[in-house]
Amino acid sequence: MGEFIFPLAQPSIGVVGSKARFPVRRVWCVGRNYLAHVRELGNDERESPLFFSKQPDMLVPGGGAIRYPSQTRNYHYEAELVVALKAGGENIAVADADALIFGHAVGLDMTRRDLQKQMQEKGRPWEAAKSFEQSGPVGPLTPFPGSLPPARIRLSVNGQIRQEADTTQMIWSVPEIISQLSRQVSLGAGDVIFTGTPEGVGAVVKGDRLLAEIDGLEPLAVTIA
Ligand code: MN
């Protein structure tokens, strides 16, 4: 391969216990993967779950300050388990999915909820509601062979708990997500998947401090600047 016309950064995520970073190829997200969250947004339970994507450079590795985005007055947090793949493929069997997992992290699927609602009402794509600058804060990856054991997931805003659930409440488990997504696209090493949020989503304003936690993983702290 020849030289590039200009240099371009490779989006990446830190790895717990390593100086090496995880290079990000694609960023996938699962919508409507916890029943109580499907219900709190008034969505049809029969439509769950679904996939959408963010661009790799929209991740905010390690969290920290993120700015309140344009085009919204209802900016929401969604705390999620993130799974990172070291290998991929197409039409992956559920039983084979665990072997593709590199590790897990805590992530936030930040959402322009007002735009999402407008687009849903008009039958338009979600793109602008989900895929925008700094919309994917993600903590460092903890390497782990296969699926994470059942874990509590929680999110607090300014010290007050807003989301608290168990990863076993997912409609689709992580191996099922990997298997289903691999029927839609070809998965590959470097792909990361936000696996959906439980109930309790809500709006943030400038100055809010978010802390997302999952048992066994590094917590993710974010401030809205
Ligand atoms: Mn989400």
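The values are calculated or read from the model by the stated rules, or taken from the named source; none is laboratory data. None of the values given here were measured: they were computed from a predicted structure. Because the Cβ atoms are built from the backbone with ideal geometry, glycine has one as well, and the counts that use them run over all protein chains shown. For the accessible areas, the whole protein counts, side chains as well, though only heavy atoms, and no ligand, DNA or RNA atoms are used. Shrake-Rupley method; radii C 1.70, N 1.55, O 1.52, S 1.80 Å.
Over the chain, consider all pairs of different Cα atoms and compute the Kirkwood hydrodynamic radius from their mean reciprocal separation; express it in Å, one decimal.
17.6 Å
What's the local net charge at GLN169, with K and R +1, D and E -1, over the other residues with C-beta under 12 Å away?
Charge balance in the 12 Å sphere: -2.
Long-range amide H contacts for VAL60: which residues qualify at under 5 Å (H placed 1.01 Å from N, peptide plane, sequence gap of 5 or more or a different chain)?
The answer is GLY136, VAL138.
Using the Cβ atoms and a cut-off under 14 Å, what net charge is assigned to the surroundings of LEU35, where Lys and Arg are +1 and Asp and Glu are -1?
-3
Cut-off 10 angstrom, C-alpha nodes, Gaussian network model of the chain. Which of LYS122, LYS54, LYS86 fluctuates the most?
Top of the fluctuation ranking is LYS122.
Using amide H atoms built 1.01 Å from N in the peptide plane, name the residues 5+ places from LEU141, or on other chains, whose amide H lies under 5 Å from its own.
GLY14, VAL15, VAL16
Taking the Cα centre of the chain as origin, sum charge times position over the Cβ atoms of Lys and Arg (+1) and Asp and Glu (-1), and report the length of that vector in debye to the nearest 20.
560 debye
What number comes out for accessible area per residue over the chain if the probe is 1.4 Å? Units Å², please.
On a per-residue basis, 47 Å².
Among LYS117, LYS19, LYS206, which one moves the most in a GNM of the chain with springs linking Cα atoms closer than 10 Å?
Looking only at LYS117, LYS19, LYS206, the largest GNM fluctuation is found for LYS19.
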